[in-house]
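The values are calculated or read from the model by the stated rules, or taken from the named source; none is laboratory data. Since the model is a prediction, treat every value here as computed from it, not as a measurement. All Cβ positions, glycine included, derive from the backbone under ideal geometry; neighbour counts span all protein chains shown. Accessible surface areas use protein heavy atoms only, side chains included; no ligands, DNA or RNA. Shrake-Rupley method; radii C 1.70, N 1.55, O 1.52, S 1.80 Å.
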Amino acid sequence: MNIDIPEGKDPIGYVWGELVPGIGMAAATLSLAVYQHTTLGLREFEAARLRIAQINGCMFCLDFRTERDGVKVEEEFLEAVSQWRTADALDDRAKLAAEYAERYALDHHGLDDEFWARMTQHYTQVEIVELTMSVGAWLVFGRLNRVFGLDAMCVLPKF
């Protein structure tokens, strides 16, 4: 479904800010917070984010790379994330982040004791909660933008 965007309006600003200002502005705040306040390393952050982008099919999310202090993941990282089970380019934390994102999106009931044992070997509880909130935000907002056809028009503000 495509939302009718009035001429001259920014599609994201219109849908997120004007159509549903109470919910949309709160959602935008959460969406930006996962970038502004993360304590996760860039590679695990991007592994989880890009795995959700692949699952959602969000064009903008697939093209965008998070930048920290002028550093982004390498171009080949997206392909490595799609092959997270066997990718040599990903360390254990990045592989787990990609796996968690995938299972969270596609099989959250299947997150079993074996998975959590592996996860807690590499992540603190604080990091797991932060990763979960980030994955949840990317899942819902990337999917919302894709479903409404906004992903081709999305521009993330500088932060």
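Below 8 Å between Cα atoms, with a sequence gap of 6+, how large is the relative contact order for the chain in percent? Before the final figure, lay out the partial values.
On the way: 161 pairs, mean separation 57.0, N = 159.
Computed value for the chain: 36 percent relative contact order.
For the chain, modelled as a GNM whose springs connect Cα atoms under 10 angstrom apart, the maximal fluctuation among 64, 45, 77 occurs at 64.
Exposed loop sites are taken as trypsin sites (Lys or Arg not before Pro) in a DSSP loop (any state but H, G, I, E or B) with at most 14 other beta carbon atoms within 10 Å; the longest stretch of the chain without one runs 86-157.
Comparing 38, 120, 66 in a Gaussian network model of the chain, where Cα atoms under 10 Å apart are tied by springs, the biggest mean-square fluctuation is seen for 120. Think of region 33-153 as having a plus end and a minus end, set by charges on the Cβ of Lys, Arg, Asp and Glu; of 90, 57, 73, 57 sits farthest toward the positive end of this dipole. Helical content alone sets the calculated 222 nm signal of the chain at -18000 deg cm²/dmol, taking -39,500 (n - 2.57) per DSSP H segment of four or more residues and averaging over every residue. Taking the accessible area of region 1-54, probe 1.4 Å, and keeping the other protein chains in place, the carbon and sulfur fraction comes to 59%.
Projected area of the chain, taken from the Cα convex hull and averaged over every viewing direction, in nm²?
Details: hull surface 39.9 nm².
Its average projected convex-hull area is 10.0 nm².
Our estimate of slack between residue 23 and residue 66, defined as 0.36 nm per intervening residue step minus the Cα-Cα distance, is 13.0 nm.
Set the Förster distance to 25 Å, then compute FRET efficiency between residue 125 and residue 33 from the Cβ-Cβ distance, nearest 0.05. Each step should come with its number before you reach the end.
Numbers: r = 19 Å, r/R0 = 0.76.
In this case the efficiency is close to 0.85.
Remark: spin-label model distance residue 133-residue 2 equals 3.7 nm, labels positioned 7 Å along the Cα→Cβ axis.
Build a GNM of the chain with springs between Cα atoms under 10 Å: which of 126, 140, 73 gets the top mean-square fluctuation? Comparing 126, 140, 73 in the GNM, the peak value goes to 126.
When the alpha carbon coordinates of region 57-140 are projected onto the principal axes, the ranges are 36, 28, 25 Å, largest first. As a calculated quantity, the FRET efficiency between residue 140 and residue 74 at R0 = 25 Å, using C-beta atoms, amounts to about 0.35.
With contacts defined as alpha carbon pairs under 8 Å and 6 or more residues apart, what's the relative contact order of region 46-107 in percent? In percent, rounded to a whole number, it is 46.
Using 0.36 nm per residue and subtracting the Cα-Cα separation, the extra length available between residue 152 and residue 83 on full extension is 22.4 nm. 3J(HN,Hα) along region 29-43, derived from phi through the Karplus expression 6.51 cos²θ - 1.76 cosθ + 1.60 where θ = phi - 60°, amounts to 4, 5, 4, 6, 4, 5, 8, 6, 10, 5, 10, 6, x, 4, 5 Hz, with x in place of Gly and Pro.
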